[in-house]
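For reference, the structure discussed in these notes is given below.
The values are calculated or read from the model by the stated rules, or taken from the named source; none is laboratory data. Please read these numbers as outputs of a predicted model, since none were measured by experiment. Because the Cβ atoms are built from the backbone with ideal geometry, glycine has one as well, and the counts that use them run over all protein chains shown. Accessible surface areas use protein heavy atoms only, side chains included; no ligands, DNA or RNA. Shrake-Rupley method; radii C 1.70, N 1.55, O 1.52, S 1.80 Å.
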Amino acid sequence: MSRRTARRIGTIAALPVIAVSALVCAPSASAVSTTVVISEAYGGGGNSGAVWRNDYVELFNRSDMSVDLTGWKVQYFSAGGTTATTTTLSGSIAGGGMFLVQQAAGANTAATALPTPDVTGTTAMSANGAKLALLDASGATVDYLGWGSATAYEGTPAGATSNTTSVARTDPCFDTDDNGVDFTVGVPSPQNSTAPTRVCSAEPPPDPVETIAQIQGAAHLSPLAGQHVNGVVGIVTARASGGFWMQDPAPGDADPATSEGIYVFTRSTPTVAVGDAVTVDGNVTEFRPGGSGGNDNLTTTEITGPTVLVTSSGNPLPGPVVLGVDRVTPAQTIDAQSPGSVENASAVFDVSRDAIDFYESMEGMRVAVRDARVVGPTASFGEIPVVPGHAPLDGLVSSAGGVVYGSYATPNAMRVQLDDALLPTGAMPAATVGDTLSGDVSGVLDYSFANYKLLVTVPPTVTSGGLVREMTMPHTNNQLAVATFNVENLSPSNPQSKFDRLAAQVVHNLASPDVLALEEIQDNTGPADDGVVSSSLTVSRFVAAISAAGGPAYQARWIDPEDDADGGQPGANIRQVFLFRPDRDVEFVDRPGGDATTPVSVVGSGSSTALSISPGRVAPADAAWTDSRKPLVGEFRFRGQTVFVVAVHFASKGGDDPLFGRWQQPLRFSEAQRHAQATVLRGFADALLTADPSARLVVAGDVNDFEFSQTADLLVGSGATALVDLPRTLEPAQRWSYVFEGNAQILDHILISQALTIAQKGAKYPAYVYDIVHTNSPFPDQDSDHDPQVVRLALRGGTGL
């Protein structure tokens, strides 16, 4: 399922340049006020963390004469509203003096009371952004302020505020009729009419120019956030439909921790061209992308509300930083500091130690990878995860040429996500794990969806690494082949081609296993939330597709879940399903009574150990399975021998902190439910193996956790009833069944009881042969996002494989 949503930067870079007028939003004051102006606005009063108890509006008299405020009004509008809340003023304001208008109080009574107000109103103001109009006694607007997400303002909007910040004039003596220029976000400092007066000079103080490096600073947040900057120079390096990137061609600070590039947000198609030299005035804003990651995302530093002057055209672009050549990423340390937000002022910013700081130090700059190695397939939303080809590969190389996520301490931070946001739709080529992107692939470094992205400006050229879909060895007459396959939301609403391609994998790549545990089989109407729970059409259509592909006539067993009780795609009611082969003497032991809510139990002992119902569900009422798939267990017979199989699909990783999110170290919130699920299933295994220590038990499916995780430890257990987690038996380079953002990893498992690890007397071949069959995860044309896996169990003596 695609994770892509709309991006603030727009979509296509190669658009024709068209003229766009500067943004000027009405209403505004008819002229620069010569007397009273709005000098400060604060809407966080009495909110959580607020210092001051009330909202307020502060006025200043720029003239040297007293002004009678009788009949004057302060009108408040929400950021997007058109209806005013009015506070009528009285009294007078001295020349060079302040005037404090107190507004509504919040619930935080521990906050400090304002200085004695000169007028008291009752307006509850927004903590983040709004609009204010100051009207004189005749009703004329003498000053206007819009900040944050306000839809009206003078010139450009002032920056957004919070519970602890206000917008105040940088110098109350000067009013340019441009809120973004005149106001700065900072600490609230209310003053009333008792404050000392001041005499305003005729000329404003000089406003020094700023550089991109000064704006970016050596931190995740700009030291100039919320402030107006002017005279910022750069060369336009890339364009999007909502703005452009520029980079300083001659940086002066020589500090690798400060980026020399920045995004300029124009809202509409920019009029500049790549190669233009520009000078930009505007407001510094920290923009937190939405979409996947949400509040976990880092911010990107931008210049908003810009005034752009083109000084020359056709200039050469600044050379890109070639990763692995010019600078080398800290490969296995994303952030080494204590838990917290990397955006905190106290956070250490270390580009040589922490990859999250390393990439931040190049935000907005031209960056390249040379002869990059593909470590994740081209995604449906146009991204290719790579590692630089000329950097030492400090990580475990997978059997396909990717990188293995083998522990929480090895996140493979040198991965770079190549993104097609600046390319025409469909321009990013299809790439497979193990391929190479020849030469330099360059673009601008951005951040979205909880990842740093290299927005490439020219499609890369792919050199094939020759990876082909794997085919497992066929099982012999003396082996029972048990497989698991997550078929990714299979439903009748899918095209027939998906059924046919998955069926071909079962027949040709998995060699038609004897027992197949399927995950993510949807109900007969798929994602339609219509109360249907039966999956008879989905299963029969898949069984027919397998037969049409030359496979056996499988039979199936499953239990329909309760409606909307097992998580997954809303309305689709995913569940696990068993397929098995009667033609191979595989029998399913049917025992009545199994339904969505009835728990299975172990009955009997020794060789008489059995299930109370078959198929059944393990503890379906336990809280561990809330909004999650309940384990499906079945009792099988293979040529006189009983085998118990449990098909599992544990809770997803949704909600966990991303590796490159603002919160470090990332917390895995979702694993608590998987731990509970593993504990419940472990209890079932203990009951079965206590009743019969020689029981043949297979647990197979999508555990949604790694082989090194606590979830896997809990499933394995200890002592006489311990299970063997087969992914752990493979060489480390082979331990992967899923590729996420370029990290090859284990999510799917097969675990077996100890009885199945002992070769039968006289056998000349292993008790089991285990194989993860890589048919999907490394390839761009996936039929599922998971690879299937199979174990061939030697349940009869013999000499052949």
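Taking Lys and Arg as +1 and Asp and Glu as -1, the other residues whose beta-carbon sits under 13 Å from that of Glu40 total -4.
Note on Lys653: lysines with a C-alpha under 19 Å away, same-chain residues under 8 apart excluded, are Lys630.
Relative contact order, whole percent, for the chain stands at 9, derived from Cα pairs under 8 Å and 6 or more residues apart. Neighbours of Pro552 by Cβ distance under 10 Å: Lys/Arg scored +1, Asp/Glu scored -1, total 0. DSSP finds beta bridges in the chain, and of those with both partners inside it, around 80 percent are antiparallel. For the set Arg662, Arg637, solvent exposure ranked by accessible area (probe 1.4 Å, protein chains only) runs largest to smallest as Arg637, Arg662. Relative contact order of the range 668-771: 29 percent, from C-alpha pairs under 8 Å at least 6 residues apart in sequence. Annotation: per residue accessible area for the chain equals 36 Å², rounded to a whole number [probe 1.4 Å, protein chains only].
DSSP beta bridges confined to the range 276-373 are antiparallel in about 70 percent of cases. Met473 exposes around 130 Å² of accessible area when a 1.4 Å probe is run over every protein chain in place.
For Val274, the shell of other residues with beta-carbons less than 13 Å away shows a net charge of +1, using +1 for Lys and Arg and -1 for Asp and Glu. Here the peptides 272-281, 424-433 are ranked by packing, the mean other Cβ count within 10 Å, and the order with the highest first is 272-281, 424-433. Extending 7 Å from the Cα toward the beta-carbon at both Ser605 and Gln710 defines two label points whose distance is 3.5 nm. When the Cα centres of the range 400-465 and the range 38-76 are compared, how far apart do they sit, in Å? Computed from Cα coordinates, the inter-centre distance equals 51 Å. Calculated FRET efficiency, Gln332 to Asp177, Cβ-Cβ distance, R0 = 56 Å: about 0.55 to the nearest 0.05. Fully extending the segment from Thr120 to Ser48, taken as 0.36 nm per residue of separation minus the present Cα-Cα distance, adds 23.7 nm. For the chain, the longest principal axis of the Cα atoms and the long axis of helix 536-548 meet at an angle of about 60 degrees.
Note on the chain: with neighbouring protein chains present and a 1.4 Å probe, carbon and sulfur make up 55 percent of its accessible heavy-atom surface. Residues Asp171, Asp627 ordered from highest to lowest accessible area at a 1.4 Å probe: Asp627, Asp171. For Thr170 and Thr425, a Förster radius of 60 Å and the Cβ-Cβ distance give a FRET efficiency of 0.85, rounded to the nearest 0.05. Please work out whether the range 533-661 counts as rounded, prolate or oblate from its C-alpha gyration tensor, where a ≥ b ≥ c are the square roots of the eigenvalues and a/c under 1.5 means rounded, while otherwise a/b larger than b/c means prolate and anything else oblate? Because a/c hits 1.5 or more and a/b fails to exceed b/c, the range 533-661 counts as oblate.
Using Cα atoms only, what is the angle between the long axis of helix 671-691 and the major principal axis of the chain, expressed in degrees (0 to 90) to the nearest 10? On a 0 to 90 degree scale, this one is about 10.
Dividing the mean sequence gap of close Cα pairs (under 8 Å, 6+ apart) by how many residues the range 744-796 holds gives a relative contact order of 36 percent.
For Lys131, a cut-off of 26 angstrom between C-alpha atoms picks up these lysines, skipping any fewer than 8 places away in its own chain: Lys73.
Summarising the label geometry, the points placed 7 Å from Cα in the beta-carbon direction at Thr626 and Arg267 lie 4.5 nm from one another. Measuring only protein heavy atoms, the 1.4 Å probe finds Thr86 accessible over about 70 Å².
Each of the peptides 491-497, 784-790 was scored by the mean count of other Cβ atoms within 10 Å over its residues; in descending order, highest first, they stand as 784-790, 491-497.
Report, in deg cm²/dmol and to the nearest 500, the calculated mean residue ellipticity at 222 nm for the chain, where each DSSP H run with n ≥ 4 adds -39500 (n - 2.57) and the sum is divided by the residue count. Helix contribution divided over all residues of the chain: -2500 deg cm²/dmol. Secondary structure note: in the range 93-222, about 75% of the DSSP beta bridges are antiparallel. With loop membership from DSSP and a limit of 13 other Cβ atoms within 10 Å, the longest segment of the chain without chymotrypsin sites (Phe, Trp or Tyr not before Pro) is 1-407.
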